[in-house]
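These notes are about the structure you will find just below.
The values are calculated or read from the model by the stated rules, or taken from the named source; none is laboratory data. Model, not experiment: these values are computed from the prediction. Cβ: placed from backbone, ideal geometry, glycine included. Neighbour counts: every protein chain shown.
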Amino acid sequence: MVGVGGQGAILTAKVLVAGLMQAGYDVKMSEVHGMSQRGGSVSTQVHWGDKVYSPVIGPGAADIVVAFEKMEAVRYANFLKPGGVAVINDYEMPSSTVAAGLCQYPQGCLEAMQSHFKCYTLNAAQIALDLGSAKCMNIVLFGAMTRALHMDDIDWESVIRDTVPPKFLELNLKAFRAGRDAAQ
Amino acid sequence: MERHLLSGNEAIARGAYEAGAKVCSAYPGTPSTEVFENLAQYRDDLYCEWAPNEKVATEVAYGASIGGVRSLCAMKHVGVNVAADPIFTATYNGVGKGFVIVSADDPGMHSSQNEQDNRYYAKFAKMAMVEPSDSQECLDFMKEAYRISEEFDLPVLFRTTTRVAHSKSLVTFGEREEQPVIPYQRRTEKFVSSPAAAYLHHPELEEKLRRLEAYGRTCPLNRMEMKGSKVGVITASIAYQYAKDVFPEDTSFLKLGLTYPLPMDLIREFASQVEKLYVVEELEPFMEEQIRSAGIPCQGKELIGNLYELNPQLLRERLFGIKPETVDVGVEAVSRPPALCPGCPHRGFFYTMSKNKNFVIAGDIGCYTLGSAAPLNAMDSCVCMGGGFSVAMGLAKAFEATGQTEKKVFGVVGDSTFFHSGMTGAAEIVYNKGHMIPVVLDNSITGMTGHQDNPGSGYTLQGDVAEAIRIEDVLRSYGYENIFIVDPQDLTAMQKAVDDALASTVPAAIIARRPCLLIKRIHHDTGLCVVDKDKCIGCKKCLKVGCPAVMIQDGKSHIDPTQCVGCTVCAQVCPVGAITRKEN
């Protein structure tokens, strides 16, 4: 899961991991804290199977990438295996270098990804806003990801029930379903 | 048995708790911080605190060990440099009850100024070293580390790396075992490290290390996984996990957990059972050099290299020349470096600094290191914690000695850094008459590491209220007669404070004070700035403040409403008043 510091990728990874644990997988998850969180590019890796050794993977080893921002999809595209799957938020966040006019936000990120990988593209930011809160964008993407993963033996809705605070449960369930539908 | 998904740091905290640790002291630093953030939940059973710096933390923990309780300190790799002084003598003296020092190294420099390999500290200071490779080992090895510390009368360096500290894996808990209380007795010959005592301690220390090396042969932290006789791999820490992914099934492993002193007999035995021997380790050839110098042929660093962190794909490529197959999508992402957050109080100070080309600014470690980035570009150096003041002093003396009087020198530290090691620099500047201005950027929290309290914040790690130490009181007591306390978000006031400090004929200092917007216990007066597109002349002056929320769209200024918090710094620099703040 890749994105920009503060977008909620770590929380999303936690929901994923809770489901994988319920399904009996060995799971490892890797994240980086500190300086990169201040609006920088961030990635969280989740690795699961019968027995997992390394918590991190290098280029060419990921089965699926979930990009919370579309330029970040391109940045981490080399981590995907050829023929891999990408779930991409059609959402643009200019970096500080772009905002300062030092460089241009790249054009054609989505098209580039779509011509090389099986892509599920959705505007999770807009879907979240329509549901009433930009903050549930990460769960919208999570819904899309569960569609792309084809792991339908896991009851993801019950995992969400167990992991998000009751106050936000209804919103998050709606977000999850909207994300799943958008990834059709 | 219930399994928990824990980071290495969470598991270390759990391990120390289960091992019966009683007194724990640390200074926050990525990637070590969460050890103590998680220890705080056990406050009914142990005492834990944030100390002003790593040296203090180490001394507190060592003192507690002398006092007869299991103790812990934790720090990032460069923190051990600060704590080196007490560590190098604690090894000579030995311990009271078990004493464990967590060093979290940062290969790849995710959040650090270097990637020093702290395993050399174990060899240099002559202490035991334990290296876990996943979260379960973080918990289990902690208990063994205390046992080793007590049996061999040595401090134990518990060395992790970012990927051990911050990766999460499944962990099974045990129970806390309270340690029996040892009635305190004065032991002058052991704990007063006079030259005469140290003279006797050194040979004793060498003997302890010999015994520990022999123990390494049967130590449960070291294990052989014999699968075949063709290839053997000696490895430890996170490199073990990478190597398991990379080498074929029939590869034998000697997986080490007690890595100093290295169990050379065990290594020799393992080496004799395989045809080809690899040593797989991240960063420096710490194990390989020792194994080679014991006359055991092996291969490692000449293939793997000593730069940055490894991963399985990289290791496979370096060892076997197998490149991962990747796709080039033909579009390149532009860099997305970290930046000062929208509404960050440091922005107003660095913007003010950026306007004068004769200002020379020695920075320091923290969020405010980002003042060096474009477009602010307002920093000349950043070396280490506390260095902001004293490096600035050196710059000022150099300019003074060479007649470059047009240069105006500022030394910049944060509030936590001020208490860490800025105070000594502040004394240096005023006492030795530095022609420079020390500046404390006081955002009332230790920011970059994720909001830990410090002696200026008024709270302790265990959540109790404490009397905050006032930075201005400290500076005044040192002899700073003019102390300008200013809200850096008010650019006019900030500029005036700088001008007044430079004009002062008596020692002057600046405290730029505004709390970090991310502090949850404070109510922040946020709003939203908007651009009147009809008034905007597209001059791009607002871009000079380096705010991620401010950008140009269709030739005019645009403020992203999802990021803006209404700090008005951009509005204050707009020459035509096109930016105004709407109240929330």
Task: Given (1) more than 12 Å from chain A (Cβ to nearest Cβ); (2) in contact (Cβ under 8 Å) with a residue 40 or more places away in the chain, index of the condition B:Ala13 fails - done: (2)
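Residue-wise test of (1) of a type outside the set (S, T, N, Q); (2) buried (at least 24 other Cβ atoms within 10 Å of the Cβ); (3) outside any helix (DSSP H, G or I).
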| position | (1), (2), (3) |
| --- | --- |
| B:Val35 | yes, yes, no |
| B:Asp45 | yes, no, yes |
| B:Glu49 | yes, no, yes |
| B:Pro52 | yes, no, yes |
| B:Asn81 | no, no, no |
Task: From B:Thr526, B:Thr562, residue being among the hydroxyl-bearing types (Ser, Thr, Tyr) and touching a residue at least 60 places away in the same chain (Cβ under 8 Å) - done: B:Thr526
TODO: Taking B:Gly479 as the residue in question, decide whether it is in contact (Cβ under 8 Å) with a residue 60 or more places away in the chain and either within 29 Å of B:Gly388 (Cα to Cα) or in contact with a Cys (Cβ under 7 Å, 6 or more places away or on another chain) (or both).
DONE: no
TODO: Please work out which residue is farthest from A:Gly179 (Cα to Cα), limiting yourself to region A:79-112 and to residues that are among the hydrophobic types (A, V, I, L, M, F, W, C) and more than 7 Å from chain B (Cβ to nearest Cβ).
DONE: A:Phe79
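Taking region B:308-327 only, how many residues are within 7 Å of another protein chain (Cβ to nearest Cβ) and over 22 Å from B:Arg163 (Cα atoms)? Please lay out each step first, then the result.
So in region B:308-327, the residues within 7 Å of another protein chain (Cβ to nearest Cβ) come out as B:311-314, B:324-327.
Next cut, over 22 Å from B:Arg163 (Cα atoms) only: B:325-327.
So the answer is 3.
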Open item on the list: Six or more apart or on different chains, Cβ atoms under 7 Å: show the pairs whose first residue is in region B:315-338 and at positive phi and whose second is modelled with pLDDT of 95 or more.
Closed with: B:Gly330/A:Ala112
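Quick one: which of B:Gly67, B:Gly98 is under 29 Å from B:Asp464 (Cβ atoms) and surrounded by fewer than 21 Cβ atoms within 10 Å (Cβ to Cβ)?
Values: B:Gly98 fails: surrounded by fewer than 21 Cβ atoms within 10 Å (Cβ to Cβ).
Just a single option satisfies the conditions, and that option is B:Gly67.
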TODO: Hey, could you check region A:120-159 for residues that are under 13 Å from the mean Cα position of the chain (by Cα) and within 11 Å of chain B (Cβ to nearest Cβ) and say which is surrounded by the most Cβ atoms within 10 Å (Cβ to Cβ)?
DONE: A:Met137
Task: Single residue of region A:63-77 satisfying the filter (touching a residue at least 60 places away in the same chain (Cβ under 8 Å) and within 16 Å of B:Val327 (Cα to Cα)) that is farthest from the other protein chains (Cβ to nearest Cβ) - done: A:Ile64
Open item on the list: Just to be sure I understand the filter: pairs with C-beta atoms under 9 Å, separated by 6 or more residues or on different chains, first member in region B:391-405 and surrounded by fewer than 16 Cβ atoms within 10 Å (Cβ to Cβ), second member assigned to a loop (DSSP other than H, G, I, E, B). Which pairs pass?
Closed with: B:Ala398/B:Gln404; B:Thr405/B:His435
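If I filter region B:110-133 for residues that are touching a residue at least 40 places away in the same chain (Cβ under 8 Å), closer than 24 Å to B:Ile182 by Cα and out of contact with any Asp or Glu (no Cβ under 7 Å at 6 or more places or on another chain), do I get at least one hit?
From region B:110-133, those touching a residue at least 40 places away in the same chain (Cβ under 8 Å) are B:110-113, B:115, B:117-123, B:125-133; that's our starting set.
From what is left, the residues that are closer than 24 Å to B:Ile182 by Cα are B:127-128.
Subsequent filtering for residues that are out of contact with any Asp or Glu (no Cβ under 7 Å at 6 or more places or on another chain) retains B:127-128.
Among the residues of region B:110-133, at least one is touching a residue at least 40 places away in the same chain (Cβ under 8 Å), closer than 24 Å to B:Ile182 by Cα and out of contact with any Asp or Glu (no Cβ under 7 Å at 6 or more places or on another chain), which makes the answer yes.
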Open item on the list: What's the number of the only condition in (1) assigned by TED's automatic domain parsing to the domain that holds B:Leu277; (2) surrounded by 12 or more Cβ atoms within 10 Å (Cβ to Cβ) that B:Ser193 fails to meet?
Closed with: (1)
